[in-house]
Amino acid sequence: MYTPTHFEQPNIEALHELIRSRPLATLVTLSSTGINSNHIPLHLSAQPAPFGTLQGHVARANPILNDLNSESEVLAIFHGPDAYISPSWYATKQEAGKVVPTWNYTVVHAYGSLRIIDDAAWVRHQLEALTNHNEAAFPEPWAVSDAPHDFTEKLIEAIVGVEIVITRLDGKWKVSQNQPDKNQASVIQGLSESGQSDGLTMAELVKAGVKPSSSI
């Protein structure tokens, strides 16, 4: 991933926060026929430090289980908030007109080796952890145990666990750091009034910039 220094996000806690808040990953793997991708939610465990472990599951019928280059890295991509930036928002537009549109976004790339885990107890534990994390914000959280045991056991037979111990973690926060203060201020206003789905969130990210590096 091309990441100019001013867009680099070195803070591990910030990267973990994005993964936990946007757990649906694009999982890129290499098969005998070339690059493959799957879209699956991955649950993050902070151990082992510093980068942690990603755990999830795929359908037993998924070709990834039988056609995976075990010697190659896999890549899990987590997309955070993003927003279109109109050049009409820039304060400097009135001065020289030398402005163009761009796109602000946050993204995390997690690398590691993929391990396939065909173990029903492990898969059930992973499902419970993933479900508990994503249900936590609801007033009446649903739990795997709420469904009949024989029903969930039958469903678990149809899926297989996957695990990635993260060996490299890259983050890019493209949030108008390359713009002068007055343009950042006008972008914050434009985003706040834009009505874009991530507009207000991106406005806060522009205000915050990139967090300082955490210790590893």
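A few remarks follow.
- All of 137, 208, 203, 158 fail the test of being within 30 Å of residue 4 (Cα to Cα) and open to solvent by 30 Å² or more (accessible area, probe 1.4 Å), apart from 208.
- Residue satisfying all of: in region 87-104; surrounded by fewer than 19 Cβ atoms within 10 Å (Cβ to Cβ) and in a strand (DSSP E or B); farthest from the chain's Cα centre (by Cα) among these: 102
- Selection status of residue 56, touching a His at 6+ places or on another chain (Cβ under 7 Å) and at pLDDT 95 or above: yes
- The number of residues in region 152-193 that are within 17 Å of residue 40 (Cα to Cα), of a type in the set (Gly, Ala, Ser) and out of contact with any helix residue (DSSP H, G or I) (no Cβ under 6 Å at 6 or more places or on another chain) comes to 1.
- Of all residues in region 113-138, those that are more than 19 Å from residue 61 (Cβ to Cβ) and either over 25 Å from the mean Cα position of the chain (by Cα) or of a type in the set (S, T, N, Q) (or both) total 5.
- Condition met for residue 167 (among the hydroxyl-bearing types (Ser, Thr, Tyr), at pLDDT 95 or above, under 28 Å from residue 77 (Cβ atoms) and surrounded by fewer than 15 Cβ atoms within 10 Å (Cβ to Cβ)): yes
- Per-region count, region 129-174, residues in a helix (DSSP H, G or I) and either in contact (Cβ under 8 Å) with a residue 24 or more places away in the chain or over 24 Å from residue 111 (Cα atoms) (or both): 17
The values are calculated or read from the model by the stated rules, or taken from the named source; none is laboratory data. Just so we're clear, the structure is a prediction, and the values are computed from it rather than from any experiment. FYI the Cβ positions are ideal-geometry reconstructions off the backbone, even for glycines, and counts take in every protein chain you see. Side chains are part of the model used for accessible areas, which takes the heavy atoms of the whole protein and leaves out ligands, DNA and RNA. Shrake-Rupley method; radii C 1.70, N 1.55, O 1.52, S 1.80 Å.
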